[in-house]
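The values are calculated or read from the model by the stated rules, or taken from the named source; none is laboratory data. Please read these numbers as outputs of a predicted model, since none were measured by experiment. Virtual Cβ from ideal backbone geometry, glycine too; neighbours counted across all protein chains shown.
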Amino acid sequence: MLELKVNAIRLARTGRGRARGAWGLLIALFVPSLSIAADAYLACKRQYPGPAEEAKLLACYEEAEKGSDAPFSCKEMYKGDEKKELRLACYSGKLQSPPAPKLSSLWDAWKLGESDLSYTELEPYRPTYLIGRWSSGPNYSPTTPTHPDYTPMNLRKGEAKFQLSYKAELISPKTLPGENSLRLWFAYTQQSNWQILDPNDSRPFRNTNYEPEFILTYRSSTDSASAAKPRLINLGFVHQSNGQSDPGSRSWNRAYLQGGWQLSDNNSLLVRSWLRKSEDLQTDDNPDIKSYAGRADMVWRGSWRGQQYSVLWRNNLERRNKSFVEINVYDPSVSIRNSKLPLFMQITTGYGESLIDYNYRQTTIGFGVTFGSW
């Protein structure tokens, strides 16, 4: 019992990640409630002491846990055959051994196990952040082939930009009979550009993108040793619009296919291509959007020395090539004025930084804070 508490406190003091420290503190605080099952765990250790008996030891631990009033469950925390070692270390009181969860892990990000999620349980989708952003040249007159006339706006190069992005489970793997590899998500992303430095025009919102989508996720592989096999395949339908009236209205609907690869423990890659739902040319607000906002994109996510990175590359796949790049960096160990919100940096360049700027090229850089993992 004492060994478990000491190990938990050691875990909380390690500097290898806040998630690890949080779990250690949680266990250290609630460790008295484990006393009921502690003797049972110790009995399991004595009954199956050898390395060759790990399977029996694990089964014994899991049986002992059923009678425990512990505030967390090792079996629930580390589900699946691929996490047996982590589960065994959890039961054995060696909690300093398991690595902190990788924010770039496709398995964790897309919940590729069989567990059910609550309909009210929101999961991170894309980065959620608030930044102050500077542009190399604002789009004063955003026009399109069907809206060639637009009254020039009085824009400042500096503005606030924020994004909210979450997803929620609609259908779990256990809902479908005989199928444990499919999960249906509803995702929503909202991105706004706010001219907060323009008091003469009442600090207006220049543009807001609304982006709901349905995503059917298929767990295509559980082989963590192979980076060549896609870990998941997503089939999605997404609507994106900015809610403005003509001539500022922009919108499109797409169906896409996306593959996801876990390149290593700290690196993942998502590759996506889409088809746009055709619209009447006379009523289409942005008939040439595919030539600027693209036909495909890739997202790489990784971590290095505690910092988290993501790089988005979008391309039109045409001879007259046009692309867009977005680089996001955040460091969980650095916060803004002790706010405990991690420092976030974003750099973009190319076409389509926002929907109203889909056919306009600019470079932006911004600094601020991020909320939650992504």
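Just need a number here: residues in segment 124-166 that are of a type outside the set (Ser, Thr, Tyr), more than 16 Å from the chain's Cα centre (by Cα) and not in a strand (DSSP E or B).
Looking only at that region, the number is 13.
I'm trying to understand the selection: among the residues of segment 143-160, which are closer than 16 Å to Asn359 by Cα and surrounded by 12 or more Cβ atoms within 10 Å (Cβ to Cβ)?
Once the filter is applied, which keeps residues that are closer than 16 Å to Asn359 by Cα and surrounded by 12 or more Cβ atoms within 10 Å (Cβ to Cβ), segment 143-160 yields Thr143, Thr144, Pro145, Thr146, His147, Tyr150.
Every residue in segment 201-217 that is closer than 30 Å to Leu182 by Cβ and either among the charged types (D, E, K, R) or surrounded by fewer than 17 Cβ atoms within 10 Å (Cβ to Cβ) (or both), please.
Within segment 201-217, Tyr210, Glu211, Pro212, Glu213, Phe214, Leu216 meet the criteria.
For every residue, the table says whether it meets (1) modelled with pLDDT of 75 or more; (2) within 20 Å of Phe371 (Cβ to Cβ); (3) small (Gly, Ala, Ser); (4) out of contact with any Asp or Glu (no Cβ under 9 Å at 6 or more places or on another chain).
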residue	(1), (2), (3), (4)
Leu86	yes, no, no, yes
Pro98	no, no, no, no
Ser104	no, yes, yes, no
Asp108	yes, yes, no, yes
Thr120	no, yes, no, yes
Ser136	yes, no, yes, yes
Thr143	yes, no, no, no
Thr151	yes, no, no, yes
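Counting just the residues of segment 312-326 that are assigned to a strand (DSSP E or B) and either buried (at least 16 other Cβ atoms within 10 Å of the Cβ) or not hydrophobic (A, V, I, L, M, F, W, C) (or both), which one comes out nearest to the chain's Cα centre (by Cα)?
Once the filter is applied, the top-ranked residue is Leu312.
Of the residues Ala187, Ala228, only one is loosely packed, with under 15 Cβ neighbours inside 10 Å, assigned by TED's automatic domain parsing to the domain that holds Ile356 and under 18 Å from Leu106 (Cβ atoms); which?
The conditions single out Ala228.
Looking only at segment 143-160, which residues are touching a Pro at 6+ places or on another chain (Cβ under 8 Å) and more than 14 Å from Gln195 (Cβ to Cβ)?
Thr143, Thr144, Pro145, Thr146, His147, Asp149, Tyr150, listed by residue number.
Based on what the data block shows, is Asp198 closer than 30 Å to Gln362 by Cα, surrounded by 14 or more Cβ atoms within 10 Å (Cβ to Cβ) and out of contact with any Asp or Glu (no Cβ under 7 Å at 6 or more places or on another chain)?
yes
Please give the number of the condition Pro204 fails out of (1) touching a strand residue (DSSP E or B) at 6+ places or on another chain (Cβ under 6 Å); (2) more than 16 Å from Lys111 (Cα to Cα).
So Pro204 meets the others, but not (1).
Can you tell me which residue in segment 338-374 is farthest from Lys111 (Cα to Cα), limited to those that are at pLDDT 95 or above, aromatic (Phe, Trp, Tyr) and in contact with a helix residue (DSSP H, G or I) (Cβ under 9 Å, 6 or more places away or on another chain)?
By that ranking, first place goes to Tyr360.
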